[in-house]
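Read-outs throughout are calculated quantities, based only on the coordinates presented, and are distinct from any laboratory measurement. Because the structure is a prediction, the values reported are computed rather than measured. For neighbour counting, all protein chains shown are included, and Cβ atoms are generated from backbone atoms with ideal geometry for every residue, glycine included.
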Ligand code: IFM
């Protein structure tokens with residue numbers, strides 16, 4: 001069953017049935033202002049910080065499931081009937097009320113039709129402005145004149161989200177609402193220590209009445225679905241002094257048959273009397289609003305233009321050209337801070353997460369990635385490890401940043417060895433390596449030395465088998481090996497990190513450094529050869545007690561996905577062994593909904609394995625289809641040259657491919673979710689959860705663009721090495737690379753799906769698989785024949 005469809009022309013996902021199994025959301029805003037909005041107009045907003053800059057309130061994990069939000073009510077003043085521009089919160093019967101929601105890039109539109117009145121309600125955040133524009137167009141499609149009211153409703157949050165959720169004895173006595181006769185609600189609040197964040201909501205049409213007090217607008221024992229003020233037909237002009245502040249403004253007008261009225265409401269950050277008035281004046285001209293919307297469209301068109309593809313798979317094209325890249329920008333902006341399942345209390349950048357997020361956008365916004373890498377490098381400690389999360393907004397150097405020993409992770413710092421080389425390959429900005437960046441605790445070092453320090457730290461944290469200690473956890477937050485426990489996955493990441501550094505150092509002529517780390521790599525390889533293989537697949541690690549983690553002898557989980565895929569990615573064994581490991585994945589872990597993370601699931605708690613053993617089978621890190629890890633299986637199969645399998649894996653967890661089974665999948669078919677419930681769960685095999693802010697976004701983009709389509713940056717040029725399904729006749733990509741434009745046409749006449757038999761750059765044969773930067777012109781045609 002499907003709830004909607006993709007309109008690729010408009011870059012929209014259109015939801016025809018509002019009764020989606022979960023909230024299907026969108027993100028508004030391009031920089032400091034972030035709004036989140038569901039297909040039923042629920043959601044919230046914050047400025048810069050999801051934790052301390054919360055402007056609009058949301059009641060997480062509540063019932064009804066989506067409240068509150070950005071609501072516009074329409075009321076027929078003749079008979080008193082009212083409805084909302086989005087299906088919820090009023091929720092008129094769908095037999096008489098029609099609604100569609102269109103999520104686009106940075107905007108959402110609700111179209112409704114009820115009793116001869118059509119409405120279109122569009123919300124967007126202009127590029128780089130801390131405001132939302134709520135445009136409402138109302139049309140009378142009937143034959144009688146209509147007397148109508150519009151009411152807005154939003155609930156202000158007390159800026160500090162944790163205070164807002166907990167400290168009612170204080171927070172409920174802080175607001176002093178104001179109203180300006182220009183039709184502007186003034187929300188400002190003094191908070192300790194003398195901060196005065198301000199918000200406002202303005203109406204361009206004349207305001208008939210308003211409310212700023214939630215209880216006055218909603219009424220007692222009521223809710224957003226039946227507010228007393230709307231029922232009555234007029235607000236109480238309440239000015240909250242303490243209590244729960246809201247923003248409700250009423251417009252009233254008549255509409256002749258066929259007539260349309262346009263209303264605009266502006267909600268945002270700033271002083272009502274100055275910025276609010278200025279905004280109201282500026283946007284009173286509808287052309288200004290249209291210009292802002294066009295700017296937003298242009299903004300996204302530019303961001304997505306750095307990589308486009310046309311392949312035989314419409315689903316792949318939709319995701320890569322639009323939604324996957326859009327999601328990558330969202331994860332880059334907001335890390336893991338704020339969504340419908342992340343309440344925003346954990347502000348800042350997840351260390352490993354943001355490092356990985358850069359991989360999905362570095363081709364499009366390298367300068368912003370550079371800034372973000374600096375933020376991350378400032379979260380590295382002088383002894384090489386990293387803080388698990390960094391708060392760039394409030395960062396200061398000092399001992400306070402040093403985590404307790406038990407909170408140091410085995411992988412966080414190593415991701416710098418993936419993200420920084422990716423940035424250098426994309427940009428050629430080798431000066432970056434000389435930039436002096438402070439450590440989180442003390443001292444300053446060049447970026448190059450930060451990288452070395454990360455490698456040294458891991459070298460100092462090896463266990464009894466010479467493999468990396470698991471520490472607090474590795475990529476898997478819930479694998480808490482402690483003591484002498486060793487992570488084979490971290491060891492594989494370390495191998496890749498070492499290889500990246502050795503390649504970089506050699507490229508820069510730093511032979512002594514390359515030689516030094518080659519020794520480490522060699523030693524680690526010997527430990528891997530001796531201790532990592534279990535006959536048909538790789539182990540996941542060793543426990544503090546010395547027992548194997550994974551493997552035939554294990555009583556519970558015997559095989560983990562990550563150690564098979566990363567064995568290939570880090571090339572830690574001969575090809576036949578790597579193929580055997582990935583064949584075991586196919587045999588034991590692959591399902592129709594994606595690849596499960598470990599099998600069999602844990603069913604009993606094991607202290608020395610960690611929290612992964614506590615989830616019910618099939619959920620989260622315990623034998624779910626953890627989508628992030630599926631991307632690595634795609635890469636691994638592509639690296640092994642098995643394009644059919646790589647693509648089948650890619651498609652198995654591709655949201656767009658779930659569109660027709662959305663009742664099973666349940667989450668948005670246009671963005672990745674963190675996990676899909678695994679086959680051992682008794683009820684919900686195939687059901688997705690935790691959409692939007694997941695490392696799956698960046699890695700999916702890397703997997704498909706760099707490994708299936710095979711176009712990946714190198715220090716001197718662009719590698720073209722596709723590994724596609726054998727039956728594809730070919731594909732086309734446009735790529736911007738270091739200021740050059742390339743059109744890459746790949747043909748697969750012999751149906752091998754891989755192997756570059758011939759490559760031409762602007763008509764000239766290029767030997768090998770790399771198009772040298774030095775030979776690129778500004779506009780380039782690359783023709784590739786596989787075979
Ligand atoms: O790797 C982590 C990530 O940092 C946060 N979400 C869960 C992943 C797996 O545990």
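Tell me the Rg and the Dmax, in Å, that the Cα atoms of region 230-321 produce.
When restricted to Cα atoms, region 230-321 yields Rg and Dmax of 20.9, 61 Å.
How much space per residue, in cubic angstrom, does the convex hull of the C-alpha atoms of the chain take up?
So the per-residue Cα hull volume is 167 Å³.
Just to confirm my numbers, what's the Cα centroid distance between region 565-593 and region 130-151 in Å?
58 Å
If you take the square roots of the eigenvalues of the alpha-carbon gyration tensor of region 642-787 and sort them as a ≥ b ≥ c, do you get rounded (a/c under 1.5), prolate (a/b over b/c) or oblate?
Since a/c reaches 1.5 and a/b is larger than b/c, the shape of region 642-787 is classed as prolate.
From the square roots a ≥ b ≥ c of the eigenvalues of the alpha-carbon gyration tensor of region 628-720, which class results: rounded (a/c under 1.5), prolate (a/b over b/c), or oblate?
Note, shape of region 628-720 comes out prolate.
Could you work out how far helix 416-427 tilts from the main Cα principal axis of the chain, as a 0 to 90 degree angle to the nearest 10?
Between the helix axis and the principal axis of the chain, the angle is about 80 degrees.
Using only Cα atoms, what Kirkwood radius does region 513-569 have, in angstroms?
Kirkwood hydrodynamic radius for region 513-569: 12.4 Å.
Write down Rg/Rh for region 575-644, rounded to two decimals, with Rg from the C-alpha atoms and Rh from the Kirkwood relation over Cα pairs.
1.03
For the ranges 369-381, 509-521, what's the packing order if you count other beta-carbon atoms within 10 Å of each residue, average per peptide, and put the highest first?
369-381, 509-521
How much of the pair distance distribution for region 404-507 lies past 20 Å, counting alpha-carbon pairs only, in percent?
Here the tail beyond 20 Å accounts for 41 percent of pairs.
Stretched out fully, how many nm does the piece from residue 512 to residue 368 gain, at 0.36 nm a residue minus the Cα gap?
48.6 nm
So the label point goes 7 Å from the Cα of residue 774 along Cα→C-beta, right? Which residues of region 704-724 then have their backbone N under 12 Å from it?
The answer is 716-717, whose backbone nitrogens lie closer than 12 Å to the label point.
By average Cβ neighbour count within 10 Å, what is the ranking of 601-612, 552-563 from highest down?
Ranked by mean Cβ neighbours within 10 Å, highest first: 552-563, 601-612.
Please work out the Cα convex hull volume for region 736-787 and give it in Å³ per residue.
71 Å³
Show me the ranking of peptides 771-782, 232-243 by mean Cβ neighbours inside 10 Å, starting with the highest.
The most tightly packed comes first, giving 232-243, 771-782.
Based solely on its DSSP helices, what 222 nm [θ] is calculated for the chain when runs of n ≥ 4 H residues each add -39,500 (n - 2.57) and the sum is averaged over all residues, nearest 500 deg cm²/dmol?
My calculation for the chain gives -7500 deg cm²/dmol from helical runs alone.
How are the alpha carbon pair distances in region 121-259 distributed across 10 Å bins from zero to the largest one, expressed in percent?
11, 36, 34, 14, 4, 1
How large is Rg over Rh for region 22-158, taking Rg from the Cα atoms and Rh as the Kirkwood inverse mean of 1/r across Cα pairs?
Ratio of gyration radius to Kirkwood radius: 0.99.
Is the shape of region 264-403 best called rounded, prolate or oblate, per the rule: a/c under 1.5 gives rounded, else a/b larger than b/c gives prolate, else oblate, with a ≥ b ≥ c the square roots of the Cα gyration tensor eigenvalues?
Oblate, since a/c reaches 1.5 and b/c is not below a/b.
To the nearest 0.05, how large is the calculated FRET efficiency for residue 395 and residue 529 if R₀ is 30 Å and r is the Cβ-Cβ distance?
0.10
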